[in-house]
Structure formats: C-alpha cells, structure tokens
Amino acid sequence: MNVNTFKQYLDIFVGLYKEKQILIDLRGNQTIIRSKKELRNILDRINPNIDEEQFVETVFKIIDIAKSITTGTAELLKEEIEDDYIDLVNNYFLQDQSIKNTIATDSLITQDYIGNIEYEILTKRNRQNVSEILGYTLQLKIEIKNSTQDTKRIVCELSKDEVSKLIEILQGAIEDIKLLTDELG
C-alpha cells in the first residue's frame, strides 16, 4: 500500500474513532475492532470505492504502530514498517493526548478488566400489598474479562446510598489520576 492510501485510511479511521463509530479494545492479548453499524455502510457513506478488507487491515496496522509508539517499542517496528507510516500515526493519530494515554494504558493492562457495565432500576414492593412500592435499588451487571478474553459476569444490587458511595470513590480515583497526570506532564 502506498503512503497516500495509508494516509487516506488513517484520516477516515481517526474521524470514525473520534466519532465513536469504530471502537477498539486493546486489552488482553489481542486487538478487537468493532463498528457501531455495519462497516461497509459506514465506508459507503464516506467513499463507496474504499476496499473494506484493505481498510480493516490498515486499521490493524495503525493500531499496532500506535501500540508500539505508546509503549516504547517503536524501534522494533522500523525493520518491518516504513518510517513514513510510523510518523503519520505518531503525528496525526497520537497527537490527541487522550487517545495516546488510552492506547498506552489499555495495551499494558495485565489484570482483569471491565468489558461492559449495565444497570437496571429495581422496585421493592410490600409482599402483602404488591402495588405499594417501598423503595428502589440499582442492579449492577459488570462483565469482567481477562487477558485471554475469558468473561465472568458479576451482578449485584445496590441501595441509593451505596451507589452514591461508589460514585464518590470513583470520583476520588479520577481526581487522583488527574493529579498524577498533571504532575507527570
């Protein structure tokens, strides 16, 4: 593939990634790429002449290059991939610090991680009078994955106070991460 086609596919991928039309999961031993809608339909709206198979191969190449750059192993790629491709990914895709951080951290995760979270609001009713609502709880469903993509599902029920406490803890964690990020530059 020539550099111009690579750049064209890189531009398309970056746009779709930022619009969350294409999602990537780098955690574990593999890279998973999903599209919100059928990829062929998405590409046809952009340019019906795009070769879908070549586009997907290019996206995997972009992700591999980005992972190597963000994890400090880009030098190993230079034997296999031209510097022009590495420079394009670095100077265009990885200029967004949020994307760069996400790819770096997701590529290096070695622990189990959350694959998906869903919730449902449950009502608690009086057993003698089921039309009487006593309160509400939150049923939280968490999908836990590991590096081999095995999945466990945890389902728990939380009171409003427990949900508030969980949110408080997670907000504290986000603030700590922001502090560390600001300190490290």
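The values are calculated or read from the model by the stated rules, or taken from the named source; none is laboratory data. Just so it is clear, the model here is predicted, and its values are computed rather than measured. Every residue, glycine among them, receives a Cβ derived from its backbone with ideal geometry; neighbour counts consider all protein chains shown.
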Checking the structure you have, find out if any residue of segment 171-180 is of a type outside the set (Asp, Glu), surrounded by 13 or more Cβ atoms within 10 Å (Cβ to Cβ) and closer than 24 Å to Tyr17 by Cα. no
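Conditions tested, residue by residue: (1) surrounded by fewer than 16 Cβ atoms within 10 Å (Cβ to Cβ); (2) polar (S, T, N, Q); (3) not assigned by TED's automatic domain parsing to the domain that holds Val14.
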| site | (1), (2), (3) |
| --- | --- |
| Ile42 | no, no, no |
| Lys61 | no, no, no |
| Thr70 | no, yes, no |
| Leu88 | no, no, no |
| Gln95 | yes, yes, no |
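Are any residues in segment 69-97 assigned to a helix (DSSP H, G or I) and under 17 Å from the mean Cα position of the chain (by Cα), and if so, which ones?
Result: Thr70, Phe93, Gln97.
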Residues of segment 32-55 classified as over 17 Å from the mean Cα position of the chain (by Cα), in contact (Cβ under 8 Å) with a residue 12 or more places away in the chain and not in a loop (DSSP other than H, G, I, E, B), total: 8
In this structure, does Ala104 turn out to be at pLDDT below 85, among the small types (Gly, Ala, Ser) and closer than 25 Å to Asn4 by Cα? no
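Looking for whichever is hydrophobic (A, V, I, L, M, F, W, C), in contact with a Ser or Thr (Cβ under 8 Å, 6 or more places away or on another chain) and surrounded by 13 or more Cβ atoms within 10 Å (Cβ to Cβ) here; the options are Leu140, Leu158. Which one fits?
Leu158
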Can you name every residue in segment 101-126 that is more than 12 Å from the chain's Cα centre (by Cα) and outside any loop (DSSP other than H, G, I, E, B)? Leu108, Ile117, Glu118, Tyr119, Glu120, Ile121, Leu122, Thr123, Lys124, Arg125
